[in-house]
Amino acid sequence: MKMILLANVVARVIATLVLICTIVVVQPVGHALAADVSSGTSSNLDQYRALYDYSLPPGKSPADIVGMGIAGSNDHVYVWFDDGTVSSGTSSNLDQYRALYGYSLPPGKSPADIVGMGIAGSNDHVYVWFE
């Protein structure tokens, strides 16, 4: 009888540990795991660094991104999203330095009109190309 009770306790402990491990793996805390980033040249996009993971601010996906750029003054990565928010972080953690905050567009333009963005390395001016 004691062996059966012990076996039941062990089975419950193992089932609980499996459930805990599954929750930890499936539900990362804070950030949504996204996709990959690399570093390279204009013709060899992973020459300097092969693909590695990046995370987005909570509630965001790669499809929400309308533009990205790296500031020359501090190497912060800025990411603009289609809901009028922007974050500041690193290439692997897109909101490490500053959580989501709002941005404004020129009159008559929407995030859907953006076709490209860049940050000038010399003065951190943000350039936006629209359709």
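Other residues within the sphere of radius under 14 Å centred on the Cβ of Pro57, judged by their own Cβ, net out at -2 (K and R +1, D and E -1).
So if each residue of separation counts as 0.36 nm, and I subtract the Cα-Cα distance between Ser38 and Ala63, what length gain in nm does that give? Could the numbers behind the result be given before it?
Working: separation 25, 0.36 × 25 = 9.00 nm, distance 1.78 nm.
Between Ser38 and Ala63, full extension yields 7.2 nm more.
Rounded to 0.05, the FRET efficiency of the Ser91 and Ser122 pair, given R0 = 25 Å and the Cβ-Cβ distance, is 0.75.
Need one word for region 28-101: rounded, prolate or oblate. Basis is the Cα gyration tensor (sqrt eigenvalues a ≥ b ≥ c); a/c below 1.5 gives rounded, then a/b vs b/c decides. Prolate, since a/c reaches 1.5 and a/b exceeds b/c. Remark: the Cα gyration tensor places region 61-130 in the oblate category, a/c being 1.5 or greater and a/b not exceeding b/c.
Rule-based calculations on the coordinates, nothing more; no lab input. All values derive from a computational prediction rather than experimental measurement. Note that we place each Cβ from the backbone using ideal geometry, even for glycine, and neighbour counts take in every protein chain shown.
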